[in-house]
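The values are calculated or read from the model by the stated rules, or taken from the named source; none is laboratory data. In this text, all values refer to a predicted model and were calculated from it rather than measured experimentally. A quick note on method: Cβ atoms are made from the backbone with ideal geometry, for glycine too, and the neighbour counts reach across all protein chains shown. In case anyone asks, the SASA skips ligands and DNA or RNA and just uses the protein heavy atoms, side chains included. Shrake-Rupley method; radii C 1.70, N 1.55, O 1.52, S 1.80 Å.
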Amino acid sequence: MKSPTKEQNAVIGASAPRFSVRAGAGSGKTSVLVERYVRNVVEMGLSPESIVTVTFTRKAAAEMKARIVARLRDADRLEEAQMAETGPIQTIHSFCERILRENAVEALVDPTFEVLGGAEARTILDRAVQRALHTNSEESPWAAEFVRRLAGRSHYQANTTAHSEVRYLVENLLEKLRSSGVPQSFLRKAYESPEATLAHWMSALVSWFPEDAEGRLKGCANGSDFTLRLKDLGIRSPGWLKGQTNESDLDAAKDTTGLLWLALEAWDDVEAQMERLQKFDFALLESKAVRLIETSEEARSRIQRQCRAVLVDEAQDLNPLQYRIINSLTAPGEMMVGDPQQSIYGFRHADRGLFIDRCGETETFPLTVNHRSEPGILNFVDAVFGTEWGQDHTPMRAAGSQLENGAQRCDGVELWPMTAMDSRETARLIHHMVKEGVAERDVAVLTQKNESANTLCGLLTELGVPARTIGASEKFYTRLEVRDLANALDALSDPTEDFSLLALLRSPFVGLSADGLVWHAAHRPVLSSLSAPGPLGPEDREAIDRFLSWFDRGRERADRIPAWETLAFLLRETPYLEETARIPNARQTIANVRKLLAMAAVQPEMDAREFAHRLRAIQFIRHREGEAPVLDERADAVTLTTIHKAKGLEFDVVVLPEMHKRLTPNAPSVASEPAKGLVASGLRRPTSAFYRWLAESQVKRERDERLRVLYVGMTRAKRRLCLVVDENGGADTLAGVVAKHAGLPNNPLPGLFVRRSADPP
């Protein structure tokens, strides 16, 4: 580490037993965390085994561990360095897993329990929701009515089934509630009937108003009563209370009661299945760890004795349960590092307000000097967010800021005006930058969604610009090659399954023509028709003869060997890889085939049928899995990834292309504030005031987070920042917001470069 700054030294040497650090982007927080760890060992005499260090991702944990070990070795603390390599430097979920295994008796778990991967956890959740939907009116008339009323309504993010809308709503709510820290018992009582739901809402509404009005507002039965009481008190009714009717309140309460019943039933089912299997997802790991520490005095004492210091990174992205875990450790030395301006994981139930509250309760140290970005980039970030956030914005300082006529210059910032999102034009402008001499390896394109990264990667490849996506997680299970392999496994397992066999015949495994496929589809069973003469051309006849030469051998043992061996047989004995190598983007396809083979190899207990069934189930629940990497991270290529996956990283040149989507999200069908146990349905018109109250708050939270995502993206840039903007309007888009604060079209900030499509490369 370079010599620490005055701010950094204050953190490293802090004597407070419990303190917080507000560390801005590029302020060297990882270095500070490493030095604080080393001080705990060298100066305070703590063992690495007693220092719990929590990071947000496994990659961040591995990087921090490597840096800590290196620093301890530099300090000639070889024994401590060895201990740190196996010590608790990990993600919060790894920490939960560790304390549950070490206290398995008190936690009532098998110490050899498994941690579920995303796909298997989603499958368990999906099945639990399906079972909950088949409720009857005797168990919960409101749930049964809710399901009946939404039957047949589809949702664009869900599967096209009769219950896709209600399934989406239940799954979405269930995921939020399980990470909220609110007990099921509380929710069951609060939403046990429409009347209880209304009373719960009214109680929450009362607390929203000034304290001197609370006592006189208690006892209101509904929104209309509430409105009248406010009028008597001389309090102006907020907009969401206007047009209120008792009927809309009751309808929303009935829907909400039914929805909560379904979510809580599925919640019980999910955790019962995981308990039976002794396989836990992250949410259950967290709740079990909280339950262990808060209910077992013996286990709590043991864990607290082991934890003499706690260092937490990215504290702004912890959820309520995770905060309870950290707080319950009561370590003599506790440092939490975070930045509310970089909180971008609300969709994973992070609550930035918890870190803000903590900063108000503890001694808090600022880290405000940015060691990453050029001054012009920081000046531009301040120009945008200083206006958007006002006093809530904490500017970053950098040496060497230049002034022109009293205004700070924004050298190093490029704006690419476009009236709408244009991926092809964006790719062309990146190509121009490369032709100007910018090295491909120095360029990172940071998108909002994986789909945009995949699209731009293909367009750059077409232009001859080497490009790779990192962490794209949208399409693996829906890729044609994955479906080809699943169909081949199915056909080998059960040759009487005509659909899989026909799909196999048409795929590169066989290459049957469309005419040949139609003829065989009309003469079922397909397996029998393969030996019939039929009106097939010589190429089709030859393809079928080759197919039969390996298919009969493969199906004889498909049910007796692991799936990976069957896949290896297919790739060895058929022309699949050879034919695939001739298609566009063949490298990606072949890499995905190899990835699937590797996935099967780590599940040797599965035969061909079981593995194919697993692939179908994962496709059905739309689980996201990244495609196999074609280029490694050291290759000389443009990097494309999402802003979320770029968190904590830095790049010489950053391009932010996906800026034309609406900044303000649509109001949700169901509004919620899970940490407060508040849920309200907005599925009927007119909507309830309680729904409008929650929805207004939720929309604001999500809009604010979209701005913070932009902030994180902009602060990844070291030397050059390129943003797609809309200088002709688009006030409710990121492209419009940036253009406005940049002074476009007529008064651009000094130092900005506006690159238009007509500019020569």
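Model label sites at GLU298 and ARG524, defined 7 Å from Cα along the beta-carbon direction, differ in position by 6.2 nm. Computed over protein heavy atoms with a 1.4 angstrom probe, the accessible surface ordering of MET714, MET83, largest first, is MET83, MET714.
Each of PRO495, GLY376, VAL69 was placed along the dipole of the chain (beta-carbon charges, centred on the mean Cα), and the one lying farthest toward the positive end is GLY376.
Can you give the local net charge around GLU192? Use residues other than it whose beta-carbon is closer than 14 angstrom to its beta-carbon, Lys and Arg +1, Asp and Glu -1.
0
Given +1 at the Cβ of Lys and Arg, -1 at the Cβ of Asp and Glu and no other charges, the dipole of the chain around its Cα centre is 1040 debye to the nearest 20. These residues, SER669, SER203, go from largest to smallest accessible area, 1.4 Å probe, as SER203, SER669. Computed extension gain for ALA420 through GLU114, at 0.36 nm per residue and net of the alpha carbon distance, reaches 105.4 nm. Sorting 64-73, 291-300 by average packing, meaning the other beta carbons within 10 Å per residue, from highest down gives 64-73, 291-300. The residue among PRO320, PRO340, LEU284 whose Cα reaches farthest toward the positive pole of the charge dipole of the stretch 283-353, with charges on the beta-carbon of Lys, Arg, Asp and Glu, is LEU284. Global size of the stretch 226-348: 21.7, 59 Å for Rg and Dmax (C-alpha atoms, Rg to one decimal, Dmax whole). Determine the relative contact order of the chain: mean sequence separation of Cα pairs under 8 Å and six or more apart, normalised by residue count, in whole percent. Reported relative contact order: 18 percent. Indicate the gyration tensor shape class of the chain (rounded, prolate or oblate), computed on the Cα atoms with a ≥ b ≥ c the square roots of the eigenvalues: a/c under 1.5 is rounded; otherwise a/b larger than b/c is prolate and the rest oblate. In terms of gyration-tensor shape, rounded.
For the pair THR394 and GLU361, the difference between a 0.36 nm per residue extended length and the Cα-Cα distance amounts to 10.0 nm.
Distance from the C-alpha centroid of the stretch 659-708 to that of the stretch 1-72: 38 Å, rounded to the whole angstrom. For the chain, the mean residue ellipticity at 222 nm estimated from helices alone is -16000 deg cm²/dmol, where every DSSP H run of n ≥ 4 contributes -39500 (n - 2.57) and the total is divided by all residues, rounded to the nearest 500. Here the chain carries DSSP beta bridges of which approximately 15% are antiparallel, counting only pairs with both residues inside. Surface calculation, 1.4 Å probe, protein heavy atoms: LYS718 sits at approximately 60 Å² accessible. The calculated FRET efficiency for SER697 paired with SER203, based on their beta-carbon distance and R0 = 25 Å, is about 0.90. Neighbours of ALA60 by Cβ distance under 13 Å: Lys/Arg scored +1, Asp/Glu scored -1, total +3.
With unit charges on the beta carbon (Lys/Arg positive, Asp/Glu negative), name the residue among PRO183, VAL593, VAL438 whose Cα is farthest towards the positive pole of the charge dipole of the chain. Comparing the listed Cα positions along the dipole, VAL438 ranks first. In the context of the full protein assembly, GLU139 retains an accessible surface of approximately 100 Å², using a probe radius of 1.4 Å and ignoring ligands and nucleic acids. Here is the result for the stretch 74-113: no trypsin sites (Lys or Arg not before Pro) lie in DSSP coil with at most 16 other C-beta atoms within 10 angstrom of their C-beta. For the stretch 47-92, what's the relative contact order in percent, using C-alpha pairs closer than 8 Å and at least 6 residues apart? Rounded, it is 60 percent for the stretch 47-92. The portion of the accessible surface of the chain made up by carbon and sulfur, rounded to a whole percent, is 50 (1.4 Å probe; DNA, RNA and ligands excluded).
The slack in the chain from ASP552 to ALA731, taken as 0.36 nm per residue of separation less the alpha-carbon distance, amounts to 58.1 nm.
The listed residues ARG506, ARG555, once ranked by accessible area (1.4 Å probe) with the largest placed first, stand as ARG506, ARG555.
Normalised by the residues of the stretch 14-157, what does the relative contact order come to in percent, with Cα pairs under 8 Å and at least six apart? Across the stretch 14-157, relative contact order equals 16 percent. Local charge for ASP552 was computed over the other residues whose Cβ lies under 13 Å away, with Lys and Arg +1 and Asp and Glu -1, and equals +1. Accessible surface of TRP693, taken over heavy atoms with a 1.4 Å probe and every protein chain present, rounds to 30 Å².
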